[in-house]
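Take a look at the structure set out below.
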Amino acid sequence: MTEWYEKSFGEDYLLVYKHRDVQGAVHEVHKMINWLRLEPNSRVLDLCCGMGRHSLALADAGFQVTGIDLSDVLLREARDMDTDHRVEWYHADMRELPLKGGFDAVVNLFTSFGYFKEDGEQLKVLQVIHRMLKPGGSFIIDFMNTAYVTRHLVAQSTREDEGQYIEEFRKIEDGFVQKEIRITDTTIPDQKARVYHERVKLYSREQLSHLLHEAGLIVDQVHGGYDEEKYDEQESSRMIFVGHRPEE
C-alpha cells in the first residue's frame, strides 16, 4: 500500500506550499548556525531537504552540505536551484540512508518528522541521526508544538492560485494531525479534484525528549521558534530541539 508521503510530495505540493520563501530560510539558517556552534566548512546533513532552501542557505554560509529526500520532484527542484552544484543530493528514505556518516551536524526541519504510524519507525529516524553524526556532533529537529497546534488548528481553508482551487481540511484524530488537500482545475469544466492526505503524529516535549534519549541523543535546548529563545508550551508555535551525540 502506498503511504501518504510517497504520493503527497509531488508537483501539486509545489503549488500548495510555494509560499515558503528563500529569504526566510536564510534567516533560519543563521539562527541554526548560532545554536549549533558550527565551525566554517563543517559537514551538514539536511535530512528531508525538500526543495533545498535550507541546504542552499547552509552552503552559502560556507558549509559542506548533503541534502536527502524521498521525493524525486522536490529533489529536481533543489538540483535546478543549485546551479553551482554546491550540495550533494541523494534520494533516500529517512529511516535508512546510503551514507557512512561523520557529519558535524544533522538538521530535520519544518515538521519533517512524525510521518509514520508507529513510534518504532520514528525511533529509526532518530537512530539514523545518531549514526550520521560524528561523536560530539549536533542536531536540530524542528517540530510543531502540539499544544499550540491543538488550540489554533484551522479546520478548513480555501484559496485559488494559478487557476487551481485549493481546499484544505484539518483535524486531530487518534493522536495525529491529519490534513486532506483537494485541488480542482478551475479552467476545465466539471474537473474532478486531485486529493492528497498528510498525517503527522503529535508529540509533547516530554515524549519526543524520551525518544531522543532512547536513540542515544542528548537534548541541550528547546526553542519555541526561530525568533524565540525559550520554548513556552502554550504560546510557542514550534518546538525546536537542539542537541548532540555524546562523545564516545
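Per-structure values
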| quantity | calculated |
| --- | --- |
| Some residue of the range 206-224 being part of a strand (DSSP E or B), surrounded by 18 or more Cβ atoms within 10 Å (Cβ to Cβ) and not hydroxyl-bearing (Ser, Thr, Tyr) | yes |
| Test: residue in the range 237-244 that is in a strand (DSSP E or B), under 17 Å from the mean Cα position of the chain (by Cα), β-branched (Val, Ile, Thr) and within 30 Å of Ile166 (Cα to Cα) | yes |
| Residue, nearest to Asp93 (Cα to Cα), within the range 33-66, restricted to residues that are over 15 Å from the mean Cα position of the chain (by Cα) and among the basic types (Lys, Arg) | Arg43 |
| Of residues in the range 14-64 being aromatic (Phe, Trp, Tyr) and in contact (Cβ under 8 Å) with a residue 12 or more places away in the chain, the one farthest from Lys124 (Cα to Cα) | Phe63 |
| Residue tally, condition among the aliphatic types (A, V, I, L, M), assigned to a strand (DSSP E or B) and more than 17 Å from Ile140 (Cα to Cα), over the range 59-115 | 1 |
| Sole residue being surrounded by fewer than 21 Cβ atoms within 10 Å (Cβ to Cβ), assigned by TED's automatic domain parsing to the domain that holds Ser8 and not in a helix (DSSP H, G or I), chosen from Lys134, Lys124 | Lys134 |
| Selection status of Arg43, within 22 Å of Glu3 (Cα to Cα) and surrounded by fewer than 24 Cβ atoms within 10 Å (Cβ to Cβ) | no |
| Complete set of residues in the range 70-89 that are surrounded by 15 or more Cβ atoms within 10 Å (Cβ to Cβ), touching a strand residue (DSSP E or B) at 6+ places or on another chain (Cβ under 7 Å) and under 30 Å from Glu118 (Cβ atoms) | Leu70, Leu75, Ala78, Trp89 |
| Filtered residues of the range 71-87 (kept if in contact with a Phe, Trp or Tyr (Cβ under 7 Å, 6 or more places away or on another chain) and of a type outside the set (D, E, K, R)) | Ser71, Val73, Leu74, Leu75, Ala78 |
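The values are calculated or read from the model by the stated rules, or taken from the named source; none is laboratory data. Given the structure is predicted, the values throughout are model-derived calculations rather than measurements. For neighbour counting, all protein chains shown are included, and Cβ atoms are generated from backbone atoms with ideal geometry for every residue, glycine included.
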